[in-house]
1. If I model a spin label at residue 19 and residue 125 as a point 7 Å from the Cα along the Cα→Cβ vector, what separation in nanometres do I get?
2. Taking Cα centroids, how far is the stretch 62-122 from the stretch 2-19 in Å?
3. In what order do 166, 48, 55 fall by count of nearby beta-carbon atoms within 10 Å, going from fewest to most?
4. Taking 0.36 nm per residue of sequence separation and subtracting the Cα-Cα distance, how much length would be gained by fully extending the chain between residue 112 and residue 85, in nm to one decimal?
5. Starting from the Cα gyration tensor of the stretch 2-143, multiply each eigenvalue by 5, take the square root, and state the resulting semi-axes largest first in whole Å.
6. In what sequence do 42, 155, 6 fall when counting other Cβ within 10 Å, fewest first?
7. Of all DSSP beta bridges in the stretch 2-143, what percent run antiparallel (nearest 5)?
8. Take every Cα pair under 8 Å in the chain that's 6+ residues apart, average their separations, divide by the length, and report that relative contact order as a whole percent.
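Computed from the coordinates by the stated procedures, all read-outs in this text should not be read as laboratory data. Quick caveat: nothing in here was measured; it's all calculated off a predicted structure. Cβ atoms come from the backbone with ideal geometry, glycine included; neighbour counts cover every protein chain shown.
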Ligand SMILES: NC(=O)c1ccc[n+]([C@@H]2O[C@H](COP(=O)([O-])OP(=O)(O)OC[C@H]3O[C@@H](n4cnc5c(N)ncnc54)[C@H](OP(=O)(O)O)[C@@H]3O)[C@@H](O)[C@H]2O)c1
């Protein structure tokens, strides 16, 4: 099973504020949807709660929520008490490409504990000084970068961004 992280971050690795995103970038949202569709996604409990109820569980994907609370309930989602258990569950379900979709705590765990194959990173070319959640620092010398898409700032997407895939070097 391949394991990837997928994230969008600002110039200073900003990813969120008030348990919400910092931007509305429809082109990036479409990329996220197309990339994860049909796959298993693992998310932290706070990330799950940040998704508006009408959009969760993320449709046409197997949703796994990681929480230390064994009584936590998320309709039509699997709940796992550790990231490792969540990964084992995805493997047991026959997943071939698993996506770890955040937030900050779960990304940090994944970068420390998981043998990742790819990072799908959308680099949003702007700074967000009031951000509260950040992606961990990454040693990019260990990864080979491919630019998948460049989007210029415009009416629909307020900031310029590049969607990149990093493969383990
Ligand atoms: N820009 C992006 O691409 C992106 C993507 C995803 C999320 N985000 C943003 O990230 C923010 C949320 O991130 P976050 O760091 O606050 O929360 P999070 O990582 O989504 O979830 C944290 C929760 O996960 C569970 N958890 C963490 N470590 C665990 C462990 N070792 N074992 C078991 N469970 C564990 C705990 O749940 P319990 O408290 O229930 O035990 C913890 O409260 C939001 O602002 C969201 O919008 C941004």
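1. Distance between label points: 3.5 nm.
2. A separation of 15 Å, based on Cα centres.
3. The most exposed by this proxy come first: 55, 166, 48.
4. 8.2 nm
5. On the way: eigenvalues 99, 61, 45 Å².
Its equivalent ellipsoid spans semi-axes of 22, 17, 15 Å.
6. On the way: 42 27, 155 5, 6 22.
Ranked by crowding around the Cβ, least crowded first: 155, 6, 42.
7. Numbers: 3 of 24 bridges.
Of those bridges, close to 10 percent are antiparallel.
8. About 33 percent, as a whole number.
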